[in-house]
Structure formats: structure tokens, C-alpha cells
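Enquirer: What follows is a structure written as C-alpha cells; I'll ask about it next.
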Amino acid sequence: MRRGRLNKGPKGMRIKKGKATVKRDLFPHSTTGNIGSFMHWKGHSLIALFVRIYLAWVFLSACWFKIVAPASFALDIATYEILPLSLINIMAIWLPWIELFVGVMLLIGLRVRPASLLVAGMMVMFMVALGIALAKGLDMSCGCFASSGADEDPISMLTMLRDAGWLALSLYVLIFDEHPIGVEMIPWFSRRFA
């Protein structure tokens, strides 16, 4: 195998057959090394474990009343005035089970990144729905944890901020939890679900 000729470019860069390859010392005084070491810091797994337990508690708490009383949850969904009537019952039946599934996955540490991606997607969906309801000026309850009246749990910008916090936590788990603490650490699980 014949090796191509290397031309020297700017400091720290090699050019081979028209393609540039960058060595680590191209920017010797930059923070790219610090960002890389932060991204792969082993402490993220422990922090993410507590974040996952918290998010699992949130989603397991939220799904409970929706599973027990899907008719009340369907009424909460209808109050947002976003979905067509034909989709309200489907959403009221499926969404709580997805929340349960995701909560259990986060809690036990199984397929953590896909679970946190689902959480992030649901949080974006919830925030869009809240934003539309707030823009319409609807006086209503969130319907997130229990079917209650607008007087007890009205939607507001605080609800949006709460959901944004949960979105940020799910993105933290998605991005930084490279080696989640949980059942995937058991050799049988890691081989079975790899």
C-alpha cells in the first residue's frame, strides 16, 4: 500500500490528498480540551442517576391518575382545544402508558438515552400545548398530575418554566449519561439489550 504525500499546512495541520486532518495542538490554548473532558466526566453518571430518579418520580406520579381515570384526562386534553375530537381518546389512553414506560426505564436504568429522548419530546409537546393555551387566554388546569379545576392549578408561565426545567434535565441525561447506573450494568442485560 502506497502512502500519500503529506504537505505541511498551518501549525498543527496536515494536508493529505486535499483533505485536512487536524491534530490536537492546532489550538493549544483553547478550551476544547476542557469541554471534551467535561463531556466525558465520570461524575455525570452519578448526577444523572439522581436526575433520572427525579424525572421517573415526576412521570410515574403524572401517569397514575391518567391511567386510573382516562375519561377525566380526555376532558383535560379536550380543554386545550388543539387536537381533533377523533384523537383525544387515543391520546388519553396511550400517553399515560408511555409516561409509565418511560418512568420505569429511567428508574431502573434500562435504555436511558432513548427514554430521556422520549421525555424531552413529551416535554416539548407539553410546552407547545401550554403555549397555545396561554396564547388563546384559556383559563384552565394543566391536567398534568390530577384533574383539577383552573382555580386549584391554573396554567401560567410558571407551568412553562417548570416544564422547561424538566426538559433541561432530560437533555442533561440524554447528552451526559454515557454509562448509566442501572440494570444495563449487569452483564446479562448489557449483552441482551446491546
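Enquirer: Report every pair of residues separated by at least 6 positions or lying on different chains whose Cβ atoms are under 9 Å apart, first residue within the range 178-194 and within 15 Å of residue 114 (Cα to Cα) and aromatic (Phe, Trp, Tyr), second in a loop (DSSP other than H, G, I, E, B) and modelled with pLDDT of 70 or more.
Expert: 193/110; 193/111
Enquirer: Related question: Please verify whether residue 58 is of a type in the set (A, V, I, L, M) and surrounded by 18 or more Cβ atoms within 10 Å (Cβ to Cβ), treating the condition exactly as stated.
Expert: Working: of a type in the set (A, V, I, L, M): yes; surrounded by 18 or more Cβ atoms within 10 Å (Cβ to Cβ): yes.
When the stated conditions are applied, residue 58 passes them.
Enquirer: Scanning for something surrounded by fewer than 18 Cβ atoms within 10 Å (Cβ to Cβ), charged (D, E, K, R) and touching a Ser or Thr at 6+ places or on another chain (Cβ under 7 Å), does the range 153-167 turn up at least one residue?
Expert: Yes, the conditions are met somewhere in the range 153-167.
Enquirer: With the requirement that a residue be surrounded by 14 or more Cβ atoms within 10 Å (Cβ to Cβ) and either at pLDDT below 95 or outside any helix (DSSP H, G or I) (or both), what does the range 79-88 give you?
Expert: Selection gives 79, 80, 82, 83.
Enquirer: Suppose we filter 25, 76 for residues that are loosely packed, with under 12 Cβ neighbours inside 10 Å, touching a Gly at 6+ places or on another chain (Cβ under 6 Å) and modelled with pLDDT under 95; which single one remains?
Expert: Working: 76 fails: loosely packed, with under 12 Cβ neighbours inside 10 Å.
Going through 25, 76 in turn, the sole match is 25.
Enquirer: Further question on the same structure: Condition first: farther than 30 Å from residue 187 by Cα, in contact with an Asp or Glu (Cβ under 6 Å, 6 or more places away or on another chain), of a type outside the set (Asp, Glu) and in the same structural domain as residue 186 (by TED's automatic domain parsing). Can you find one or more residues in the range 150-162 that meet it? Steps first, answer last, please.
Expert: Initially, the range 150-162 is screened for residues farther than 30 Å from residue 187 by Cα, giving 150-162.
Applying the additional criterion that residues be in contact with an Asp or Glu (Cβ under 6 Å, 6 or more places away or on another chain) yields 150.
Filter once more, so that each one left must be of a type outside the set (Asp, Glu): 150.
Okay, now just the ones that are also in the same structural domain as residue 186 (by TED's automatic domain parsing), so 150.
Yes: one or more hits.
Enquirer: Can you pull out every residue in the range 65-78 that is part of a helix (DSSP H, G or I) and in contact (Cβ under 8 Å) with a residue 12 or more places away in the chain?
Expert: In the first step, residues of the range 65-78 are kept if they are part of a helix (DSSP H, G or I); the result is 65-68, 70-78.
Of everything in the range 65-78, those that are part of a helix (DSSP H, G or I) and in contact (Cβ under 8 Å) with a residue 12 or more places away in the chain turn out to be 65, 66, 67, 70, 71, 72, 73, 74, 75, 76, 77.
The values are calculated or read from the model by the stated rules, or taken from the named source; none is laboratory data. Note that the coordinates shown come from a computational prediction; the quantities given were computed from them, not determined experimentally. Cβ coordinates were reconstructed from backbone atoms using ideal geometry, including for glycine residues, and neighbour counts include every protein chain displayed.
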